[in-house]
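The values are calculated or read from the model by the stated rules, or taken from the named source; none is laboratory data. What you see is a predicted model; the values in this text were computed from it and never measured. Heads up, the Cβs are rebuilt from the backbone with ideal geometry, glycines too, and the neighbour counts pull from every protein chain shown. Each accessible area value is taken on the protein alone, full model and side chains, heavy atoms only, with ligands, DNA and RNA left out. Shrake-Rupley method; radii C 1.70, N 1.55, O 1.52, S 1.80 Å.
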Amino acid sequence: MKLASEEPVPLHEEFIYCCGAATHVLKCGPWKDLSKDESKNLPRLLFMIIPGNPGLAGYYRTFIQALYCGLNQQYPVWVVSHAGHCKPPSGMEMVEDTDIKELEDVFGLNGQVEHKLNFLKKNVSKDIKLVLIAHSIGCYITLEMMKRASELQVLRSVLLFPTIERIAQSPQGKLMTPLLCKLRYVLYMPVYLLSFLPEGVKASLVRFALRGMKTCDESSITTSVNLFSVDCIANILYMASQEMMKVVERDSTTIKQNLKKLIFYYGTGDSWCPQHYYDEIKMDFPDGDIRLCEKGLRHAFVLDASKEMAAMITDWLQDDLTKL
């Protein structure tokens, strides 16, 4: 007997322009269009994944498939890449060829927030409830979305390994801030040179870089090959540099206003949001659903623990789903 997460599931892939920027969308389930208000077949609920950085949708392929199956294939599960965090297919440019500038600085942190809100506005009926599942900097983006668009029908927001405060002061942030803010341009030339390598060689380099893992999701390897694109890596590093500078204070006001909708999940050995960040938010919001990982999952859980994380989330949300 097959496990549900191992069964083949419908997966639809799109490359679109959103706010004028190339965007990769993966849709799990038979629902491809959720924008038609008059349709009687729309689901009541959409699970939408807000990625971390790099915000490539492909990293979450196994995760959304496992989540879809764990939800008994009753609800669509979509992941939307960050603006410009993808290698567009042949014939598609990174930025739409138009005289209309849809959004100032779409590749920056503020632009990525507006990018997600714009995607929802244009692609999802306002009557559909949302479960937002965010990862890393996606958690900051999600809190900003809830702050800026209170009309969104958010049933729950699940914030995984949330980088929502003092990123530059974290152990990894202290290491990466000088590189991202002052030296990131130095990385462009080697990436440009590596981009000419055959795809098989690029995949071998990725496997070598991830060789320390006991098991690694195959979709993560194929997705990582996109990182050999100069345009893609430039947008990723630019966004990351803004994260170091702009994500400083935790937005406790928005958290307080939405506390009953939020689930936080912190790591025990997470160098991007160390455990004392968990201790402090737990102290400030004793009534919040704020959890500490007991399974030793890494910050980049999509590399080797997508199915395990999906199983936990479906378990957490059972009560909410039975009340629908």
**Asked** Which of the listed residues, Leu159, Leu227, Tyr188, is farthest toward the dipole's positive end in the chain, when Lys, Arg count +1 and Asp, Glu count -1 at the beta-carbon?
**Response** Leu159
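Can you compute the charge dipole magnitude of the range 258-297 about its Cα centre, using +1 on each Lys and Arg Cβ and -1 on each Asp and Glu Cβ, nothing else charged? Give it in debye, rounded to the nearest 20.
On the way: 5 positive and 7 negative charges, 40 e Å.
In total the dipole reaches around 200 debye.
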**Message:** Charges at C-beta only: +1 for Lys and Arg, -1 for Asp and Glu. How large is the resulting dipole of the chain about its Cα centre, in Debye rounded to 20?
**Reply:** 400
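Mind checking the dipole of the range 58-111: about its Cα centre, +1 per Lys or Arg Cβ, -1 per Asp or Glu Cβ, Debye to the nearest 20? Could the numbers behind the result be given before it?
Values: 3 positive and 7 negative charges, 103 e Å.
Result for the range 58-111 is approximately 500 debye, rounded to the nearest 20.
Per residue, how much accessible area does the range 239-324 show when a 1.4 Å probe rolls over the protein heavy atoms, in square angstrom? Write down the numbers at each step before the final one.
Values: 4360 Å² over 86 residues.
In whole numbers, the range 239-324 has 51 Å² accessible per residue.
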**Complete:** The percentage of the accessible area of the range 191-233 (probe 1.4 Å, all protein chains present) made up of carbon and sulfur atoms, to the nearest whole number, is 65
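Past 20 Å, Cα to Cα: identify those pairs from Lys261/Lys295; Lys129/Lys260; Lys36/Lys126; Lys32/Lys116; Lys260/Lys295, in the order given.
Numbers: Lys261/Lys295 24 Å; Lys129/Lys260 16 Å; Lys36/Lys126 10 Å; Lys32/Lys116 17 Å; Lys260/Lys295 25 Å.
Beyond 20 Å: Lys261/Lys295; Lys260/Lys295.
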**Prompt:** For the range 65-169, with the dipole built from +1 on Lys and Arg beta-carbon atoms and -1 on Asp and Glu ones, taken about the Cα centre, which of Cys69, Leu117, Ile141 lies farthest toward the positive end?
**Reply:** Cys69
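Which of the trypsin sites (Lys or Arg not before Pro) found in the range 278-316 are in a DSSP loop and have at most 12 neighbouring Cβ atoms, other than their own, within 10 Å?
Numbers: sites: Lys282, Arg291, Lys295, Arg298, Lys307; in loops: Lys295, Arg298.
Passing both the DSSP loop test and the Cβ count: Lys295.
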**Message:** Out of the total accessible area of the range 40-168 (probe 1.4 Å, heavy atoms of protein only), what percent is carbon and sulfur?
**Reply:** 44
**Message:** With a cut-off of 8 Å between alpha carbons and a minimum separation of six or more residues, what is the relative contact order of the range 123-189 in percent?
**Reply:** 34
**Message:** Suppose all protein chains stay in the model; what accessible area per residue would a 1.4 Å probe give for the range 67-140, in Å²?
**Reply:** 42
**Item:** Dipole of the chain, positive end: most advanced residue of Gly212, Gln169, His85 [Cβ charges, Cα centre]
**Value:** Gly212
**Message:** Can you give the FRET efficiency to the nearest 0.05 for Trp316 and Thr268, using r as the Cβ-Cβ distance and R₀ = 22 Å?
**Reply:** 0.75
**Distance in nm between pseudo-label sites at Val186 and Ser150 (7 Å out along the Cβ direction from Cα)** = 4.7
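Count neighbours as other Cβ atoms within 10 Å of each site's Cβ, and list the GluC sites (Glu not before Pro) in the range 134-234 that are DSSP loop with at most 14 such neighbours.
Values: sites: Glu144, Glu151, Glu165, Glu199, Glu218; in loops: Glu151, Glu165.
Here the GluC sites (Glu not before Pro) that fit, given the DSSP loop and packing criteria, are Glu151.
Please sort by residue number the trypsin sites (Lys or Arg not before Pro) in the range 11-104 whose DSSP state is loop and whose Cβ has at most 15 other Cβ atoms within 10 Å.
Values: sites: Lys27, Lys32, Lys36, Lys40, Arg44, Arg61, Lys101; in loops: Lys32, Lys36, Lys40, Arg44, Lys101.
Of the trypsin sites (Lys or Arg not before Pro), the ones in loops of the range 11-104 whose Cβ has at most 15 other Cβ atoms within 10 Å are Lys32, Lys36, Lys40, Arg44, Lys101.
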